Every structure is written in structure tokens, then in C-alpha cells.
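No value in this document is a laboratory result; all are computed from the given coordinates. In this text, all values refer to a predicted model and were calculated from it rather than measured experimentally. Because the Cβ atoms are built from the backbone with ideal geometry, glycine has one as well, and the counts that use them run over all protein chains shown.
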Amino acid sequence: MIAARIDGKEFAARVREEVAQGVKDLQASHGVTPGLAVVSVGEDPASQVYVRNKLKYTKACGMNSFHRALDADTSRRSLLLLIESLNKDPAVHGILVQLPLPAHLDSRDVIQTIDCSKDVDGFHTSNVGDLWTSGKPFIPCTPLGCLMLLKSVEPNITGKNAVVIGRSNIVGRPMAALLLNESATVTIAHSNTKDLPAICRQADILVAAVGRPQMIKADWIKPGAIILDVGINRIETPDGRGRLVGDVDFEDVSTVAGAITPVPGGPGPMTIACLLANTLEAAKRAVS
Ligand code: NDP
């Protein structure tokens, strides 16, 4: 079997087009332009790339974007005051604090300061609680993007065995909640899980959010399974330039799986597209 390739890049472009149309509709119906505020602290190079891309795509789909860049030694008090002012700003519908924060700032504490109706990352405990109790949360962008990609190849998730490897607050846990809400039977694996390959072999749907390059091999995979590879890892190459790979050994696993996301070009592009969709949704809720 050679797995179908699930194209996150193409799917994300379609989501961004839909968001751009939604922005035009909201402007026409209510005279409101959705606005996303991105707060960054310090100069982590990877974060700077992510922030630049978020701002670029926000503008490209017709929304307002506001970047508030703070120094690495910014105090907790200054950061919380900034978030409180963004909470009150009617031009700002979504607020995102770029993670990770410098060590002296507690990300949980900072995220709890965001007005949960503007928490377009879906990390505030109010949104987390809504996700687990079937409320109407903002869903964290990476798992939301994964669910969209999954449904594009398998609309009926009910009763499927799903294994999520990783239990972080930004990927693994919300992914498991989403799959549970779709009535899958969900197993969450982590670094203490015993005999991970055997657990993965039970999976009709396997989500890898680990951060270990090409850890998952073909003999871990049930024939025909759908594989969503969230991992983004840089590996060395002989030419010294390096390249990005996922947590799944794409070539090997493609010989057994039914469908698989590549890295790059899988869940990655969907993350920003879903952030834009959440920001549009926040603006719609603000006017309704
Ligand atoms: P974390 O480091 O927060 O979590 C990793 C999880 O993997 C932990 O739960 C950890 O277990 C588990 N784990 C680590 N080693 C093993 C192992 N050998 N066997 C089983 N489980 C293991 O990472 P994130 O969730 O933030 O990110 C995961 C990956 O996804 C990274 O590569 C990251 O770059 C990528 N990512 C991609 C995004 C995108 O847009 N596509 C967005 C966010 C992340 P334990 O809890 O026991 O430590």
C-alpha cells in the first residue's frame, strides 16, 4: 500500500480564502474588520519567524494585525498591563501571546489574563474546560487543523480507535478531546507509555505530537491507518543545510498507512489558517 498524501498546504490555502471572504462579509454587514494582536517577548529566532508569518497571513486575508514586541526582560506586571489594555481595545478581537515566554514569566498565569472571548489560541482554562465539556470553545489551532485534515479523508470518526502520542496542553490533550468529542475511542500516549509500538498498531487514526525525528516506523502502523504528523524537527543533512522532518518516518510509514500528512506541508500550515478562522469567529461573536 502507498498512502494517500494529505496536503495541508493546499487545504490551508482554501481555509484562508474562506476566512478572507468571511472578513469581507463582516465588513459589509457590520462595518467591522477583525483584528489580531500578537504579543511577543524577547527575540527567540523560531518565534520571530512564526510571528512574522502570523502577521503576514492576518493582513493577507484582510484583517488588522497589531504586533506588540516586548523586551526579553519585560516584567510580569508590564506584560499583564499590556494584555489588559488589549482586552479592552474594541479593535482587537483576538489576542495571541507567542510561546515560549522567557523563563521568568509563567505562561499559564499570562494566558489566564487574556479575556477568554479573545483567546483565539484556545489556551485559557475557560476554553479548555469548554472543549472537554462540549461547550463552544476556541479550539487550539494545531489540533483543530489536524481534525479538519482528518475529516477531509475520513468524515466518519465515530467508533474509530485513535491514538494520540503526546499530552501537551497545546497539541496532545486538546487533540484527544476533539477526537473524543467525535466519538472516537482515544488513547493518549506519552513518555512513560509501555510498549508504544503495540499501542500504535491498534490505531485507525494516529496523531504524533512528540518532537522526536522519524520515531514512528512502518511496523508500528495498522495497515490503512490515517496518520497525522504534527512533529516539526530539524535534522542534519550531509550538505550541512539540514531539513525538517516529522515524528513519523514518512517514506517507511507510507508503505503501510492509508493516508498520511507530510512534514513540511501537513498540520503546520493549517495552524495559522485556523488562527485566522478563530479570529474571524471572535469578531463575529463580538458583534452578535
Ligand atoms: P511537548 O514537548 O510539549 O510534548 C511532547 C510530548 O511527547 C510529551 O507529552 C511527551 O511525554 C511526549 N513524548 C516525548 N518523548 C516521547 C516518547 N519517546 N514516547 C512517547 N511520548 C513521548 O511538545 P509539543 O506538544 O509542543 O510539540 C510536539 C511536536 O509538535 C514538536 O515537534 C513541535 O515542534 C510540533 N508542533 C507543531 C506545531 C504545528 O504547527 N504543526 C504546533 C505545535 C507543536 P511527557 O508528557 O511524558 O513528557
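Just to confirm the filter: which trypsin sites (Lys or Arg not before Pro) across region 212-288 are DSSP coil and have at most 14 other Cβ within 10 angstrom of their Cβ?
Taking region 212-288 and a limit of 14 other Cβ atoms within 10 Å, the loop trypsin sites (Lys or Arg not before Pro) found are K217, R241.
In the structure shown, do any of K56/K151; K151/K217; K54/K160 have a Cα-Cα gap over 29 Å, and if so which?
Violating the 29 Å Cα-Cα cut-off are K54/K160.
As an exercise, use a Förster radius of 51 Å and the Cβ-Cβ distance of V287 and R234 to find the FRET efficiency, rounded to the nearest 0.05.
For V287 and R234, the calculated efficiency is 0.75.
Which of the peptides 270-278, 218-226 is most tightly packed, and how do the rest follow, judged by the mean count of other Cβ atoms within 10 Å per residue?
Details: 270-278: 26.0, 218-226: 18.8.
Result, highest mean first: 270-278, 218-226.
For region 69-170, just say rounded, prolate or oblate: build the C-alpha gyration tensor, square-root its eigenvalues into a ≥ b ≥ c, call rounded for a/c under 1.5, and beyond that prolate if a/b exceeds b/c, oblate if not.
On the way: a/c = 2.61, a/b = 1.96, b/c = 1.33.
Prolate, because a/c is 1.5 or more and a/b exceeds b/c.
Could you check how many percent of all C-alpha pairs in region 142-288 are farther apart than 23 Å?
34
Return the Rg/Rh ratio of the chain with Cα-based radii and a Kirkwood Rh. Before the final figure, lay out each step's value.
Values: Rg = 19.2 Å, Rh = 19.7 Å.
My calculation puts Rg/Rh at 0.98.
Rg(Cα) of region 1-129 divided by 2.2 N^0.38 Å?
Values: Rg = 16.5 Å, N = 129, 2.2 N^0.38 = 13.9 Å.
Region 1-129 yields a ratio of 1.18.
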